[in-house]
Amino acid sequence: ITEIVNGEQFPLPEEMLQSMKDLISWPQYFFLIMVPFWVLSFLGALRMWKYRVSGFHCYTLAQMILLLLPLVCVGKSAVAIGDIMFTVLFIVYYALKIFKNTQKN
């Protein structure tokens with residue numbers, strides 16, 4: 001990313017260049033901290049696909065941490081409303097689906 005921002009090989013819109021510059025300025029440890037929570041979120045989603053309640057809890061916990069971690073490590077500018085809305089909708093949808101399915105059994 002640094003080479004793309006500093007080089008002139010690819011003409012990019014100014015908004016994209018600014019976003020890339022912001023991304024470069026974030027601390028590197030932030031991305032390393034995020035990896036286990038992405039893995040936990042993925043494993044939770046796989047378990048939710050099989051209608052396991054433990055997968056729902058695992059996914060929800062990981063997603064809440066993934067939403068809060070940028071706020072703590074980077075600041076307010078890293079919070080994306082679209083990510084929050086998509087996560088909340090996904091959690092509510094699966095909560096209704098999983099808990100309805102567990103009540104039938």
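The lysines within cross-link reach of LYS100, meaning a Cα-to-Cα straight distance under 17 Å and a gap of 8 or more places when in the same chain, are LYS50. Across the stretch 54-63, computed HN-Hα scalar couplings (Karplus, 6.51 cos²θ - 1.76 cosθ + 1.60, θ = phi - 60°) run 4, x, 5, 5, 4, 4, 4, 4, 4, 5 Hz from first to last residue, x flagging Gly and Pro.
Any chance you could run the full-extension gain for GLN18 through LEU67? It's 0.36 nm times the residue separation minus the Cα-Cα distance, nm to one decimal.
Values: separation 49, 0.36 × 49 = 17.64 nm, distance 2.20 nm.
In short, 15.4 nm is gained.
Need the full-extension length gain, TRP38 to ILE84, defined as separation in residues times 0.36 nm minus the C-alpha distance. One decimal, nm.
Details: separation 46, 0.36 × 46 = 16.56 nm, distance 1.51 nm.
Value of the extension gain: 15.0 nm.
Here the simple spin-label model places points 7 Å from the Cα toward Cβ, and for TYR29 and VAL92 these points are separated by 3.7 nm.
Every number in this text was worked out from the coordinates using simple rules, so none of it is lab data. For clarity, every value in this text was computed on a predicted model and none was experimentally measured. As a convention, Cβ positions derive from the backbone with ideal geometry for all residues, glycine included, and neighbour counts pool all protein chains shown.
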